[in-house]
Amino acid sequence: MSIRIQGVSKNFGSFRALDDVSLDVPSGSLLALLGPSGSGKTTLLRIIAGLEVADRGTVLHHDENITEYEARDRKVGFVFQHYALFRHMTIAENIGYGLRVRGVPKQERQTRVDELLKLIRLDGLGSRYPAQLSGGQRQRVALARALAARPNVLLLDEPFGALDARVRTELRQWLRKLHEEIQVTSVFVTHDQEEAFEVADHVVIMNEGRIEQVGTPVEVFERPANAFVMDFLGNVNVFHGRVERGRAVVSGLTVAYPDYPHPEARDAAVYVRPHELDVERNRTEAGGLAAKILHVNPTGSRTKVELRALDSNQLINVELTPERFAELGLKSGETVHVSPRRVRVFVPDYEI
Amino acid sequence: MASVNRRVLPGFSLTLGYTVFYLGVLVLLPITAVFIKASSLSLHEFLGAVWTERARAAYLLTFGTSFLAAVANVVLGGLIAWVLTRYTFPGKRILDSLVDLPLALPTAVGGLIYASLYVENGWIGRYLVPLGIRGAYTRLGIVLVLIFVGLPFVVRTVQPVLEDLDPEAEEASSSLGATRWQTFTHVILPTLYPALITGFALAFARSIGEYGSVVFISGNMPFKTEIAPILIVARLEEFAYGEATAIAVVLLAISFSMLLVVNLLESWSRRHDR
Amino acid sequence: MTVETAEVRDAPRTRAATMKIRRAQQDPAWLRWSLTGLAAFVVGVLIVIPVLNVFAGALAEGAGVYWKNLVDDPDTLHAVGLTLTVVPIAVTANVIFGVAAAWAIARFSFPGRTFLTALIDLPFSVSPVVAGLMFVLIFGLQGYFGAFLRRDGYAIMPYLVAAVLVLLLAVAYFVFRPSHPRARRGLWKTPPLALAVAGATVFALLVLGQQAFEVWPANKSLKIIFATPGLVLATAFVTFPFVARELIPVMNAVGADEELAALSLGASGWQMFWHVTVPNVKWGLVYGIILCNARAMGEFGAVYVVSGHIAGETDTMPLRIEKLFQEYNMPGSFAVASVLTLLAILTLIVKRKLEDRIPQSEEGRRTGAHP
């Protein structure tokens, strides 16, 4: 393990930013801290960097306790959301700063700076000032600056947050490739799940100062640990029903739910992603919810259908492949039957 | 800039006309008078007024003391601004307000108090005079009173810049391995230069023209403690208007060229900002 | 979705808390306290001790003597009266100028705007003594206008006064003229005619009055320099930037939207000014006025040159301090100084109270560094 966080808590006044958080970051991995803002992910990152001091808990780096170390002694590279480039220094001076303050000779510094300029594809622009660069270029400079002194860990705080959509996509792919090249243990913070899934090989989902789930993107998306993760990772339909004897029942619809074999019935929330719902013109034997089509949006790779359940008046979102949609020939105002291919049930106080 | 088409909002010609009229009567007319008066002197007369030994001593004293006071103000004002923006401590608001006092206090009052503080039996003089430090009726006194007068300028120009300083830049520096002192000299200080220069210039410009406070504490001895504005008044009291005007023109020219230099310096030190 | 809303609300709180704690961590305690102590020491020696010294000096011989020094000296009393005459006139003139200049500069763009703004800052770089000298050169005995005005025993004065009156009338005419063309009747419709009529009347009245009844006696003792008008001029010169410089950033920060809204709702220019502009900038205006007032009360150099310092005639309060000081009447000098110091402290308190109420734009943030 490159970084090991054990029982870290942090309060800001009465606000609990981190609540007994423990986390292992494997060497050479690219890990994303994902969560809504205020979930404590940035605080955790800053505690790893030594920019914030934890109230309790320890931070280990390769089994060395670095909790008491100052930021400058931790050998981490930190990339700030708004770059935090020194605007009175040139790009080259910015990148070489970490070497300069550590007393690296000028010649050696120059070599390293040139090397990094090439890596971030800005060779020849070393004598410019940050104000003369575009946002994406500045972000790359910030990254090069963090990498210059060969840090043990690279930490990135919402690295693409301040960029426009097109540059953001480009930089994501570039960061992914860069990480494959240099293999430095990296942790980045984001609130954008798409970004986390696209770039990271491990995802940590945080909420209200706690870690909700850790796993690879596939694991997290396919097997969400709880309702929050399910809800946070994209659109979901929530039905209120109950579970008993290995079944979940939602307004006339029965689905198998072997995780709850007990005979006594309990209230439960049934989560179904829009693409895991199917629409039929006729009622199938498994049963289905009768619903009226409100609106059809056929643009995009999937056709989005908005329906209203006839009995509960609940809104239901369904995503169909264009082929399936064409096959059914749905129109607004029609009444159809909706049935799930797959459900996840979260029983309060009975979560995994 | 909220610039609006002048046909939409009313009052453009009225207000601009009045502004120009008022400035014309109160500023342009008098300044023109000074230059007309000065140009009525022959070159010989002009130099005779401007380049006497006494006048040169006065210029030197004016600039020397103003410069020293402005430098001291940069250091002290920078310190006070730093403390006011970075730290919390009891009485901070009072300290903050007190810094403005020299702006609100009549300069004559400032001069009067300083003169009486630093004489032999004054509150501060009684400790300093036995040590051989004489604050009243000396050049040191002039510097002291000019520090008093110029202090708010540096504090009030540096303070907002310090408040706006990006905390991330400092964090970046320390996570890149810089010590606190390295961060201060490499990252914080360079961003403060423009404000420090402006504060220096404001304090310096104010000191060069200062009269009310200096007249009390300097003793006004020609060649020793006579600053240029005092020399102008001395000439006026001899009804030597021509000579007084000549010296005034020199003082004006220096003030204006200094403003120009400072503006250039400032835009130079801001060259990397957007 | 609900989660989203909840965190957005929490975000600023986190940030504020973060900043506070981070700031506090930055310097070690010993450095923090020694720097704070040093700053407090500097302010103490440079500012606090002097202020205490004023009151100690003024009350050195007891409260009774202090009071006598203030009210029993006729020259001191006259100085107070003179200051209370000169300062309101100069400040009023500067307020009108400041509002007009701020309106023109903050609301319109026109060629020479930068130059005009620079011109407003000019008094900050001119020594007060030089300012005084300027007015002596113009209005003094040997001055350019001095001689001109004195010719024939001030026979020019009725014409000058008439010219000023006509100018004021013209300003009033344009201020009160209905803004909508349809609402204008009679003389409101023809500015040149109206002004010609008014101007002719004023001139005729004054000149005839002087010729026939000697309304304006040939006044040999009338003076500008070494008299109250000179004091007003010098004070106005030194203090005119304050109101304008304070109002321009405030007006920029407030923006013209509300004024445009008022106009579109049918307000006249004058109504818009009183109902929208003035309420929006009033605290900035008050702020400028108190700074202007403080400086005007304390002005020394310029006033010193134009006053001729005749005790009981042209001595303002600061000049009186100097005179008492020269006469070695220290308690008397300190007594007058203590009054001005109290005023300065009062100014600071009001200033502090006002600072939170003034709208500020990001760039036009107040530095408070007005000379």
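Some observations on this one:
- Shape of chain A, Cα gyration tensor, a/c cut at 1.5: prolate
- Over the range A:1-113: Rg over Rh, Cα atoms, Kirkwood Rh: 1.03
- Per-residue shielding of B:227-233, expressed as the average number of other chain Cβ atoms within 10 Å of the residue Cβ, stands at 4.
- Put a dot 7 Å past the Cα of C:PHE115, heading toward its Cβ, do the same for A:ARG121, and the two dots end up 5.1 nm apart.
- Accessible area buried, both sides summed, chains A and B with 1.4 Å probe, Å²: 2100 Å²
- Working ranking of peptides B:142-149, A:7-14, C:197-204 by packing, defined as the average number of other Cβ atoms within 10 Å per residue, highest first, is B:142-149, A:7-14, C:197-204.
- Counting only Cβ charges, +1 for Lys and Arg and -1 for Asp and Glu, the dipole size of the range B:115-172 around its Cα centre is about 860 debye.
- Measuring r between the beta carbons of C:GLN142 and C:LYS68 and using R0 = 60 Å, the FRET efficiency lands at 0.90.
- Measuring between alpha carbons in the structure, the pairs from A:LYS118/A:LYS177; A:LYS10/A:LYS75; C:LYS189/C:LYS282; C:LYS323/C:LYS353; A:LYS106/A:LYS177 lying more than 24 angstrom apart are C:LYS189/C:LYS282; C:LYS323/C:LYS353; A:LYS106/A:LYS177.
- Interface between chains C and B: roughly 9000 Å² of accessible area buried, both sides summed (probe 1.4 Å, protein heavy atoms only).
- At q = 0.06 Å⁻¹, base-10 log of I(q)/I(0) for the protein assembly as shown (Debye sum, equal scatterers on each alpha carbon): -0.64
- Looking at the protein assembly as shown, the DSSP beta bridges with both ends there are about 75 percent antiparallel.
- For the range B:41-71 versus the range A:1-76, the inter-centroid distance based on Cα atoms is 65 Å.
- Excluding same-chain neighbours fewer than eight residues apart, the aspartates and glutamates reachable from C:LYS351 by a Cα-Cα span under 13 Å are B:ASP96, B:ASP100, C:GLU246.
- Residue-averaged [θ]222 nm for chain A, counting only DSSP H segments that reach four residues, each worth -39500 (n - 2.57): -7500 deg cm²/dmol
- Eigenvalues of the alpha-carbon gyration tensor of chain B, scaled by 5 and square-rooted, set the equivalent ellipsoid semi-axes at 36, 30, 19 angstrom, largest first.
- Estimated D of the range A:233-352 in µm² per second, where Rh is the Kirkwood radius over Cα pairs and Stokes-Einstein applies at 10 °C, 1.306 mPa s: 107 µm²/s
- Residues of type lysines that B:LYS37 reaches as a straight line, Cα spacing below 25 Å, ignoring anything fewer than 8 places off in the same chain: C:LYS223
- Difference of contour (0.36 nm per residue) and Cα-Cα distance, C:VAL175 to C:ALA196: 5.8 nm
- Highest average packing first - C:243-255, C:85-97, Cβ atoms within 10 Å: C:243-255, C:85-97
- Taking all protein chains as they are arranged and a probe of 1.4 Å, the heavy atoms of B:LYS92 leave approximately 60 Å² accessible to solvent.
- Burial order of peptide ranges A:195-202, A:78-85 (average beta-carbon count within 10 Å, highest first): A:78-85, A:195-202
- The DSSP beta bridges internal to chain A are antiparallel in roughly 75% of cases.
- For peptide C:97-103, the mean count of partner chain Cβ atoms within 10 Å of a residue's Cβ comes to 6.
- Axial C-alpha extent at least 24 Å, average Kyte-Doolittle at least 1.0 - helices from chain B (DSSP): B:53-86, B:139-164, B:189-209, B:241-269
- Charge dipole (debye, nearest 20) of chain B; +1 at Cβ of Lys and Arg, -1 at Cβ of Asp and Glu: 120 debye
- Per-residue [θ]222 nm for chain B (sum of -39500 (n - 2.57) over DSSP H runs n ≥ 4, rounded to 500): -22500 deg cm²/dmol
- Heavy-atom surface of the protein assembly as shown, accessible at 1.4 Å and reported per residue (Å²): 44 Å²
- Remark: mean inter-chain Cβ contacts per residue of B:201-212 equal 5, using a 10 Å Cβ-Cβ cutoff to other protein chain atoms.
- Two-decimal Rg/Rh across the range A:122-271, once Rg and the Kirkwood Rh are taken from alpha-carbon atoms: 1.16
- Area of A:ASP164 that stays accessible when all protein chains are in place (1.4 Å probe, Å², to 10): 90 Å²
The values are calculated or read from the model by the stated rules, or taken from the named source; none is laboratory data. Because the structure is predicted, anything quoted here is derived from the model rather than measured. Please note: Cβ atoms are built from the backbone with ideal geometry, for glycine as well, and neighbour counts cover all protein chains shown. What goes into the accessible areas is simple: the full protein's heavy atoms, side chains included, and nothing from ligands, DNA or RNA. Shrake-Rupley method; radii C 1.70, N 1.55, O 1.52, S 1.80 Å.
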